Amino acid sequence: MSVRLGKIMGIPVTIHYTLWFVFILIAWSLAVGYMPSQYPGLGVLTYWAIGIVSAAILFASVLVHELSHSYIAKKNGLPIARITLFFFGGVSEMTEEPQNPGLEVRMATAGPLMSFLIAAVLGALWYLGGIARAPVAITATLGYGALINAILGIFNLLPAFPLDGGRVFRGSIWKRSKSFIGATRTATRVSEAISLLMMVGGFASIIFGDFVDGIWIIFLGWFIRSGAETSLRQTLIGEALAGVRVADMMTRDVMTVPGNITVHQLVSNYFLVHRHGGYPVVEDGQVLGIVTMQCVRSIPKERRETVTVKEAMIPCERTVTVSASASALDAMNIMARQNVGRLLILEGSRLLGIVTRGDLMRTIRTRQELVT
Ligand SMILES: [Zn+2]
């Protein structure tokens, strides 16, 4: 659903599919609403050209904002898995949290600073364009670009975690209290209060007649709230899994299946008898692949007596593996990214073990109850 744009500074950049709708929505609202009211007397085509170019400038600005976070992160050795651009912003997916509050604050402020810098440059061009009597279409586009970047910078500075301002806030509490978890909890609570206020304000705005702005404010409030909850959950999971390796939680005595039995036999002798959702397929000590319930489901019932496991399985080249020395958090990220429920741990083509989503959840639950 998401389109890959390419790599910038070695980071894959993807566009979330919702962005196309937002792009059209923004171009449209500029072309038929904002621009005609601010700059009357231009042609329909000109308004649309301004709308489309301005929407493109908005997205480029969001991308540069995100890249400036990533730049500081990479310079300090924090890996960024990818950047996803979606509605009114982007997300830099960090695979690790910053290790110290100073870095968190520096990383978070880089984005809004960049937005204000772009706003200043476009604003200066807009001003000069006015003096030089440049065509209205150009000054209108520049003026909007400056305005939207200023709004972007201000919005992101709201102290509502996980927005940039909220990260600065968390970093400063973290520095004082020395507790990362405690700081995240406090920042999340403040963020939820702000989002609640925004939603109440949005409803009030609708009641008092400003329907469109009201909807926007409610939507942004909801967006912040769900972001804060997700971040808190991620922080708690990250803390619970700290120091755990794949080798600590993998199952070593794995039940495997031979490749030459039929899918029918696989169902009646394995899936209906044991509780596992997938089995590595092994022949002569060599792993050939993995067969899951989904593989079985893809074979029509009438063919299950003839098709063999080897034919139905996901072959080795396409199975997702992880090293035994990888961290539990890495294993979790791989599962999420590849959308699989189990990872094989191989040494060459020999099976060392298997780790499932269930193993991860159990480890997290146990450690949250007993350790943190
Ligand atoms: Zn930002």
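List every residue pair whose Cβ atoms lie under 6 Å apart, where the two residues are 6 or more positions apart in sequence or sit on different chains, the first residue falls within the range 66-81 and is under 18 Å from G6 (Cα atoms), and the second residue, located anywhere, is β-branched (V, I, T) and buried (at least 21 other Cβ atoms within 10 Å of the Cβ).
Cβ pairs passing all conditions: E66/I83; S70/I80.
Select from the range 212-229 the residues that are in contact (Cβ under 8 Å) with a residue 40 or more places away in the chain and open to solvent by 70 Å² or more (accessible area, probe 1.4 Å) and list them in ascending order.
E229
Given the residues V121, V91, which is the only one that is more than 13 Å from L157 (Cα to Cα) and modelled with pLDDT of 90 or more?
So the residue among V121, V91 that is more than 13 Å from L157 (Cα to Cα) and modelled with pLDDT of 90 or more is V121.
Considering each residue of the range 98-117, count those that are away from the ligand (no atom under 12 Å from the Cβ), assigned to a helix (DSSP H, G or I) and modelled with pLDDT under 95, and give that number.
The total comes to 6.
Within the range 123-138, is there a residue that is of a type in the set (S, T, Y) and open to solvent by 50 Å² or more (accessible area, probe 1.4 Å)?
Yes: the range 123-138 contains one or more residues that are of a type in the set (S, T, Y) and open to solvent by 50 Å² or more (accessible area, probe 1.4 Å).
Determine which member of the set S54, S61 is within 16 Å of the ligand (Cβ to nearest atom), polar (S, T, N, Q), at pLDDT 85 or above and within 27 Å of Y34 (Cβ to Cβ).
S61
Has the range 14-36 got at least one residue that is open to solvent by less than 50 Å² (accessible area, probe 1.4 Å), touching a Ser or Thr at 6+ places or on another chain (Cβ under 8 Å) and not in a helix (DSSP H, G or I)?
Within the range 14-36, one or more residues are open to solvent by less than 50 Å² (accessible area, probe 1.4 Å), touching a Ser or Thr at 6+ places or on another chain (Cβ under 8 Å) and not in a helix (DSSP H, G or I).
Suppose we filter the range 292-315 for residues that are open to solvent by less than 40 Å² (accessible area, probe 1.4 Å) and within 28 Å of M249 (Cα to Cα); how many remain?
Qualifying residue count, the range 292-315: 6.
Among what's in the range 144-195 and is free of Cβ contacts under 8 Å to residues at least 12 places away in the same chain and closer than 16 Å to S226 by Cα, pick the residue that is surrounded by the most Cβ atoms within 10 Å (Cβ to Cβ).
R189
The values are calculated or read from the model by the stated rules, or taken from the named source; none is laboratory data. Note that the coordinates shown come from a computational prediction; the quantities given were computed from them, not determined experimentally. So basically every Cβ, Gly included, is an ideal-geometry build from the backbone, and we count neighbours across all protein chains shown. These area figures cover heavy atoms from the full protein model, side chains too; ligands, DNA and RNA do not enter into them. Shrake-Rupley method; radii C 1.70, N 1.55, O 1.52, S 1.80 Å.
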